[in-house]
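Q: Got a structure here, written out as structure tokens. Questions coming.
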Amino acid sequence: MKALTYDGPYRVKVRNKPEPRIEHPQDGIVRVTAAAICGSDLHLLHGLIPDTRIGFTFGHEFTGVVEELGPEAQGVRKGDRVMLPFQIFCGGCYFCTRGLTSCCESTNPATDAGTGIYGYSHTMGGYDGGQAEYVRVPFIGVDAEKIPDDVEDLDALPITDAFATGYQAAEMCELKGGETVLVLGCGPVGLFSMWSAWAMGAERVIAVDHVDYRLEFARNWLGVETLNFRDIDLVTTIKGMTDDRGADATVDAVGLEAAGSPVHRALGIYLKLEAGSPQALNFAIHATRKGGTISVIGAYGPPYNGVDIGTYMNKAQRMNTGQASVKRYMPRLLEHVQAGRIRPQQVFTHRLPLDRAPEGYRMFAQKRDGCVKVALLPDGSATLH
Amino acid sequence: MDPTPRVITPDEVQRKSGYQSVGPPKRPPWWGIDRDPARRPGVPRMRQPQPWPNTRFPPERQPGTPAVFKHGRPNKPFPPVFGTSCPPRGLSGAIRSVAYGLPDHYPTHWLLLLLGDRIESWGTRARRILPVALPVAILGFLVRRALA
Ligand SMILES: NC(=O)c1ccc[n+]([C@@H]2O[C@H](COP(=O)([O-])OP(=O)(O)OC[C@H]3O[C@@H](n4cnc5c(N)ncnc54)[C@H](O)[C@@H]3O)[C@@H](O)[C@H]2O)c1
Ligand SMILES: [Zn+2]
Ligand SMILES: [Zn+2]
């Protein structure tokens, strides 16, 4: 089968690979109908996630059709259209039963920091991902969510990661209604958290980025206020916009490749003396009011970062964190889609056949050609862009 | 739940912002639809324990050889299900195996893993370039000797 594979930092290519097989009685095999490229894949592409091996297939955001089932896989049938949460979880361990499927204990020996994730390095379990024609899906009966007949694949696709992540990011702001929410990063995750902040009753939503076309996308799609941090002093401006206090809650939807601080980029991204740049977090700490909430959904790597913890402590802030426990959010987000409150596929500015995935990575990474998010369509149904 | 907050007018926003904020906010028609925390699927974060539908727990052990290592925590059991893509090989594999001898709260664990990654990618590149580059270099050397 054809699959996207990692070929060393900044290089991916599509090549032939053996098809996956059932390896555990609760496994299934899914034929991929659509796979998205996520901001997290860029961290892999750039060689920032430890134990990313040559030949490994990326892709943790995908939909597909059930092709094959192991003897103990219950609850789905061959031919079902399904969407898969990006984490692989067992459904029965301490964390799964309590709802934190993103912390499952049954699928990753490599670290205590995270569970198995499709296509996300051997630090996250060494499972090949969905940017391929077929993918092995452990615990398919537990993890897979059927896509309702009236929902298109491309609307379901972001629910497996970016939309659920954005929603959880807004949820972690603990909004009661009436707050000013600052969202750092106008990538797909940031955009979906702006949508969700409105849904949870935010009074104002202020979006920040340094890529103008993305700010424009946020403004047009979601009607938020926007700021380009290259044009202004971000923290001073935010304080000025909020009675000199700062935002009530801030979402960090940027993660470890943040721009905005040459020092941190040099230390973290080029010299690897810290795990990427914590600039977005530092923006968040300074731009959030005292006693406010910071929701960290952007991804950071091990082992440590230069975060302004002193200011954070003195400002009596609270930080909520975590990978999205996607499975929990699927039914509610599908409801929003079915009710016509959002068309998630509108984030896909680019739809490409799998063969052109490396081009998709380049555009998305370099923020070129108005790219907000890329969908790869392995079954050849892509409308060529 | 709190009473509905006073909704700020676009004019006020414009006035308060004063800076670069472009255009007044346009709140969507379904604004506040999930304002009640009871409608938010992730609240409370840790719920009363309850298995997910179709769960068979504990899962049986996956047969076969894992491609992943367990990090250095002797008392942690190896999980029943694991990844098998790209098994460790060669020098990078050896470095990774040393790295995983250390637990994941040691920075050295991660630095060794990054080293393993770089060695694997340099190695791959070298193996690809050498079959072409080496003969060319040797030929060039011989030609120069012959001419000299
Ligand atoms: N926690 C989770 O479960 C989860 C899931 C998916 C993605 N993520 C993470 O969320 C982050 C965003 O993902 P994405 O797909 O939207 O990626 P993306 O790369 O498309 O978006 C990031 C955006 O942040 C902007 N940016 C850079 N530096 C900034 C700064 N200092 N301040 C404000 N904006 C800045 C970039 O220009 C870009 O538009 C990534 O780190 C990703 O790994 C986390
Ligand atoms: Zn992702
Ligand atoms: Zn579990």
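Q: Which parts of the range A:131-156 would a label at residue A:16 reach, counting a residue when its backbone N lies under 19 Å from a point 7 Å out along Cα-to-Cβ?
A: Hits in the range A:131-156 for residue A:16 at 19 Å: A:132-135.
Q: As a test of the formula, what do you get for the protein assembly as shown when each DSSP H run with n ≥ 4 contributes -39,500 (n - 2.57) and the sum is divided by the residue count, at 222 nm and rounded to the nearest 500 deg cm²/dmol? Can you show the working numbers first?
A: Values: 15 runs with 157 residues, N = 533.
That calculation yields -9000 deg cm²/dmol at 222 nm.
Q: Rank A:258, A:275, A:323 by how far each Cα sits towards the positive end of the charge dipole of the range A:245-385 (+1 on Lys, Arg Cβ; -1 on Asp, Glu Cβ) and give me just the farthest.
A: Value computed over the given set: A:323.
Q: If you line up the long axis of helix A:326-338 against the longest principal axis of chain A, both from Cα atoms, how many degrees apart are they, to the nearest 10?
A: 80 degrees
Q: Next question. Mind checking which aspartates and glutamates have their C-alpha under 13 Å from residue A:239, skipping anything on the same chain fewer than 8 residues away?
A: Excluding near neighbours in sequence, the set is A:248.
Q: Ok, one more. Hey, which lysines would be in cross-link range of residue A:146, C-alpha to C-alpha under 17 Å, not counting anything within fewer than 8 residues on its own chain?
A: Once the sequence-local lysines are set aside, what remains near residue A:146 is A:78, A:327.
Q: With point charges of +1 on the Cβ of Lys and Arg and -1 on the Cβ of Asp and Glu, referenced to the Cα centre of the range B:90-147, which listed residue (B:138, B:114, B:126) lies farthest in the positive direction of the dipole?
A: B:138
Q: Between chains B and A, what is the buried accessible area in Å², counting both sides, with a 1.4 Å probe and ligands, DNA and RNA left out, to the nearest 100? Provide the component values of the computation, followed by the final result.
A: Numbers: alone 13140 and 15290 Å², together 21060 Å².
Its buried surface, counting both partners, is about 7400 Å².
Q: So what is the relative contact order for the range A:90-228, in percent, with contacts set as C-alpha pairs under 8 Å and at least six apart? Present the calculation step by step, with values, prior to reporting the outcome.
A: Numbers: 206 pairs, mean separation 18.2, N = 139.
Answer for the range A:90-228 is 13 percent.
Q: Short version: ³J(HN,Hα) in whole Hz for each residue of the range A:249-254, in order, from phi by Karplus 6.51 cos²θ - 1.76 cosθ + 1.60 (θ = phi - 60°), x for Gly and Pro, what are they?
A: 8, 10, 9, 9, 10, 10
Q: Averaged per residue, what accessible surface does the protein assembly as shown expose to a 1.4 Å probe, in Å²?
A: Numbers: 21060 Å² over 533 residues.
Ligands and nucleic acids excluded, the result is 40 Å² per residue.
Q: A further question on this structure: Of all trypsin sites (Lys or Arg not before Pro) in the range B:39-148, which ones are in loop regions per DSSP and have a Cβ with at most 15 other Cβ atoms within 10 Å? Display every interim value, and only then the final one.
A: Details: sites: B:39, B:45, B:47, B:56, B:61, B:70, B:89, B:96, B:118, B:125, B:127, B:128, B:144, B:145; in loops: B:45, B:47, B:56, B:61, B:70, B:89.
Qualifying residues, ordered by number: B:45, B:47, B:61, B:89.
Q: Which residue fluctuates most in the GNM of chain A (Cα springs below 10 Å): A:358, A:18, A:138?
A: Of A:358, A:18, A:138, the most mobile in the Gaussian network model is A:18.
Q: Give me the one-decimal nm value for the distance between modelled label points at residue B:98 and residue B:115, 7 Å along each residue's Cα-to-Cβ direction.
A: Each label point lies 7 Å from its Cα, and together they span 0.5 nm.
Q: Same structure again: Take the Cα of residue A:290, step 7 Å along the line toward its Cβ, and report every residue of the range A:223-267 whose backbone nitrogen sits under 20 Å from that point.
A: Counting backbone N atoms under 20 Å from the label point, the list is A:235-250.
Q: Efficiency by 1/(1 + (r/R0)^6): what FRET value for residue A:379 and residue A:78, r their Cβ-Cβ distance, R0 = 22 Å, to the nearest 0.05?
A: On the way: r = 17 Å, r/R0 = 0.75.
Approximately 0.85, to the nearest 0.05.
Q: How much FRET efficiency would the formula 1/(1 + (r/R0)^6) give for residue A:245 and residue B:147, where r is the Cβ-Cβ distance and R0 is 60 Å, rounded to 0.05? Don't skip to the answer; put the middle values down first.
A: On the way: r = 78 Å, r/R0 = 1.31.
Efficiency computed from Cβ-Cβ geometry: 0.15.
Q: Hey, any idea what % of the range B:90-147's accessible area is carbon plus sulfur with a 1.4 Å probe? List each step's numbers first, then the result.
A: On the way: 2800 of 3750 Å².
Ligands and nucleic acids excluded, carbon and sulfur reach 75 percent.
Q: Cα to Cα, under 18 Å, and not fewer than 8 places away if on the same chain: which lysines meet these conditions relative to residue B:26?
A: B:16
Q: Which listed residue (A:159, A:142, A:170) has the Cα farthest towards the positive end of the charge dipole for the range A:112-171, taking +1 on Lys and Arg C-beta and -1 on Asp and Glu C-beta about the Cα centre?
A: Checking the options against the dipole of the range A:112-171, the answer is A:142.
Q: Something else about it: Nothing charged except the Cβ atoms of Lys and Arg (+1) and of Asp and Glu (-1): what's the magnitude of the dipole of the range A:166-321 about its Cα centre? Round to the nearest 20 debye. Walk me through the numbers before you get to the answer.
A: Working: 13 positive and 17 negative charges, 50 e Å.
In debye, rounded to 20, the range A:166-321 gives about 240.
Q: Another question, then. Given a 10 angstrom Cα cut-off, can you work out which residue in A:31, A:77, A:98 is the most mobile in a GNM of chain A?
A: Result: A:98 has the largest fluctuation of those listed.
Q: Rounded to whole Å, give me the distance from the Cα center of the range A:53-84 to that of the range B:71-119.
A: One Cα centre to the other: 27 Å.
Q: Same structure again: Given Cβ point charges of +1 (Lys, Arg) and -1 (Asp, Glu) and nothing else, what value in debye, to the nearest 20, does the dipole of chain A about its Cα centre take?
A: Numbers: 38 positive and 45 negative charges, 83 e Å.
The calculated dipole for chain A is roughly 400 debye.
The values are calculated or read from the model by the stated rules, or taken from the named source; none is laboratory data. Here the structure is a predicted model, which is why all the values come from computation and not from measurement. Heads up, the Cβs are rebuilt from the backbone with ideal geometry, glycines too, and the neighbour counts pull from every protein chain shown. Just the protein is used for accessible areas: all its heavy atoms, side chains included, with ligands, DNA and RNA removed. Shrake-Rupley method; radii C 1.70, N 1.55, O 1.52, S 1.80 Å.
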